[in-house]
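Everything on this sheet refers to the single structure shown next.
What follows is calculated from the coordinates using simple rules that are stated; it is not laboratory data. Remember, it's a predicted structure, so these values are computed and weren't measured experimentally. Backbone-built Cβ (ideal geometry, glycine too); neighbour counts: all protein chains shown.
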Amino acid sequence: MIDLDGIDVKLADGTVAIQGLSWHVPPGTRVGLVGPNGAGKTSLLMTLCGVLPPSAGRGIVAGCNLGDAKERKALRGSIGLLFQDPDDQLLEASVEDDVRLGPLLRGHSETEARDIAKASMARLGIGEWGQRIPQRLSLGEKKRVALAGVLALNPCLLLLDEPTAGLDPRGRRDLIALIGSLQTTLVLATHDLELVLDLCPTVALIDNGTVISHGTSAEVLGNPQLMFDHGLEVPWPLRGNSAGA
Amino acid sequence: MAQHESWTAPPSRFPLLKLAHPTARCLVFVSLATGVGFLPHTSGLLAASAIGWLALLAARIPASWYAPRAMAALGFLVLLVLPMPWMTVPQPNEPTWWGASWSGTDAALKVVCRAWTTLALGWTCLLGLSAADWRAVCADLRLGSSVAMMVWMSGRCLNVLSGEWRQMRLAARMRGARLAANSQSWKIIGLLVGMGLIRSAVRAERMGVAMSLRSGNSGGIIPRRIWNPTDATIAVTALATGMLIIWASRTAWEIQP
């Protein structure tokens with residue numbers, strides 16, 4: 001699904017966000033992407049969904065070559081990205097209109113788009129919220145609506161940027177259950193290491209724009225020296241293991 | 001504090017116009033609002049205000065939704081026109097009341113009536129139009145996909161700008177900033193405006209990414225909605241009514257004995 005080989009990504013201001021990054025994610029897997037602030041997680045997500053072009057290296061995502069502008073544009077049609085701040089992607093005046101917008105833009109008729117939106121909302125348990133105003137929802141509710149909008153497009157790869165940031169424990173639990181029920185390939189960029197342990201069998205640690213370590217979640221997140229060196233901490237459930245190691 | 005119902009549910013949509021083509025609805029608004037703009041007499045404007053209010057009632061838009069918004073929108077206008085009766089010099093032999101001229105009162109009343117009628121017509125005709133509808137209007141007006149996107153995003157950006165402005169104003173107040181007639185206040189306002197633009201530009205960029213991910217490689221083209229005879233009838237009737245009002249208001253009527 002994701003095959004990156006030594007890619008570099010430069011931002012518009014010339015900053016090198018990603019440098020010589022190589023990463024392979026097979027289809028149907030759930031991978032955590034962890035790293036300190038400014039490590040390049042969001043830039044990597046933007047590259048994976050074809051928004052930021054790589055300046056060097058070779059990258060294939062969902063069968064599309066990241067080096068080719070046309071293929072990058074086509075790639076956007078098959079990737080779903082859940083933003084850290086849901087206000088960035090809730091654009092319509094009512095929840096149903098917002099979920100319906102994506103299918104409409106993809107060329108579905110009004111009726112088809114409405115059916116797709118209703119199915120997506122029902123899947124996330126928000127079928128009754130159709131006429132609510134997105135801007136008036138709580139953060140957890142907004143994230144749920146944003147996810148419904150993303151899932152309405154049936155993406156083959158789902159990228160989640162800090163999905164639990166700012167959520168209370170119940171909102172976090174609900175979102176974990178939701179994400180856990182998804183069958184698609186998933187990349188989860190987060191600082192919530194317990195979430196990664198819960199949901200992702202494998203994890204990649206990224207720092208200074210490159211993948212430092214990649215392996216099973218317990219292996220990478222349970223390495224105290226590795227975590228300390230890159231500004232992270234061993235999550236609570238693994239602390240006993242690492243103390244004994 | 002419990003949230004007001006109007007914040008959690010959008011107002012009901014006009015049952016007659018709900019199914020009409022969005023461009024027809026825009027045409028109805030533009031024609032009638034233009035007609036009202038040309039009405040010369042206070043009596044006609046008062047009647048138009050009453051019709052506007054009846055339209056809101058027929059549209060089943062709850063008073064709890066439009067009343068506070070009307071007060072917010074018209075409150076400032078009323079304050080502006082309040083001195084008009086006293087500032088207008090009365091004509092010779094013109095009756096006055098408490099030092100206020102009748103012509104000034106008449107002019108102030110006309111301004112408020114025109115504003116209220118335009119608001120009421122706008123809410124009746126345009127409430128509930130979605131992003132897809134606005135894009136259809138732009139497509140009908142041959143404005144092109146990018147202009148359509150710009151029109152729509154500007155509406156959205158106004159919300160973003162106001163949200164950012166509220167947050168920053170609160171942050172400035174919490175730090176002890178108080179507006180006064182001094183250079184420090186102007187500096188703070190300048191900072192807030194500049195920072196608001198920067199923050200809005202950053203957010204607009206993220207919204208652009210969200211939009212491009214949603215539209216995929218389709219270019220974000222929404223299928224055109226076809227006009228049916230009812231849409232055409234509504235639009236033509238509204239255009240004719242608007243033109244009739246303008247013609248009637250420009251005609252010097254003579255009453256035969």
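Restricting to chain A, compute how many DSSP beta bridges are antiparallel as a %, nearest 5. Kindly include the intermediate steps, with their values, before the conclusion.
Details: 19 of 36 bridges.
So the antiparallel bridges amount to about 55 percent of the total.
Mind giving me the FRET efficiency for A:Ala56 and B:Arg142? R0 is 56 Å, r the Cβ-Cβ distance, nearest 0.05 is fine. Kindly include the intermediate steps, with their values, before the conclusion.
Values: r = 43 Å, r/R0 = 0.77.
Efficiency at R0 = 56 Å is approximately 0.85.
Tell me the volume per residue, in Å³, of the convex hull enclosing the alpha carbons of the protein assembly as shown. Present the calculation step by step, with values, prior to reporting the outcome.
Values: hull volume 103.3 nm³, N = 502.
Cα convex hull per residue, to the nearest whole number: 206 Å³.
So what's the Cα pair-distance distribution over segment A:17-71, bin width 5 Å, in %?
Calculated P(r), rounded to whole percents: 4, 17, 29, 27, 17, 5, 1.
Explain nothing, just the number: dipole magnitude of segment A:90-154 about its Cα centre with +1 on each Lys and Arg Cβ and -1 on each Asp and Glu Cβ, in debye rounded to the nearest 20. Spell out each step's value before the answer.
Values: 10 positive and 9 negative charges, 51 e Å.
Dipole about the Cα centre, nearest 20: 240 debye.
Kirkwood hydrodynamic radius for segment A:90-154: how many Å is it when counted over pairs of different Cα atoms?
On the way: mean 1/r = 0.0897 Å⁻¹.
By the Kirkwood definition, the hydrodynamic radius is 11.1 Å.
A:Ile18's amide H: which non-local residues (gap 5+, or another chain) put their own amide H closer than 5 Å, with H modeled 1.01 Å from N in plane and none for Pro or chain starts?
Distant-sequence amide H within range of A:Ile18: A:Val9.
Quick one: P(r) of segment A:138-194 from all Cα-Cα pairs, 5 Å bins, percents rounded to integers, in order of increasing distance.
Binned Cα distances yield the sequence 4, 18, 32, 29, 13, 3.
Once you charge only the Cβ atoms, +1 for Lys and Arg and -1 for Asp and Glu, what is the size of the charge dipole of the protein assembly as shown about its Cα centre, to the nearest 20 debye? It would help to have the intermediate numbers written out before the result.
Working: 45 positive and 38 negative charges, 197 e Å.
So the magnitude is around 940 debye.
Among A:Val16, B:Val193, rank each residue by its count of other Cβ atoms within 10 Å, from fewest to most, as a rough exposure measure.
B:Val193, A:Val16
Return a single number: how many Lys pairs in the protein assembly as shown, at a sequence separation of 8 or more or on separate chains, have alpha-carbon atoms below 29 angstrom apart.
14
How long is the gain from B:Leu197 to B:Ala248 if the chain were fully straight, where each residue apart is worth 0.36 nm and the alpha carbon distance is subtracted?
Working: separation 51, 0.36 × 51 = 18.36 nm, distance 4.66 nm.
Full extension of this stretch gives 13.7 nm more.
Under the rule a/c < 1.5 gives rounded, and otherwise a/b versus b/c splits prolate from oblate, where does segment A:38-120 land using the Cα gyration tensor? Kindly include the intermediate steps, with their values, before the conclusion.
Details: a/c = 3.30, a/b = 1.71, b/c = 1.93.
Note, shape of segment A:38-120 comes out oblate.
From the Cα gyration tensor of chain A, with a ≥ b ≥ c the square roots of its eigenvalues, which class applies: rounded if a/c is under 1.5, or else prolate if a/b is larger than b/c, or else oblate?
oblate
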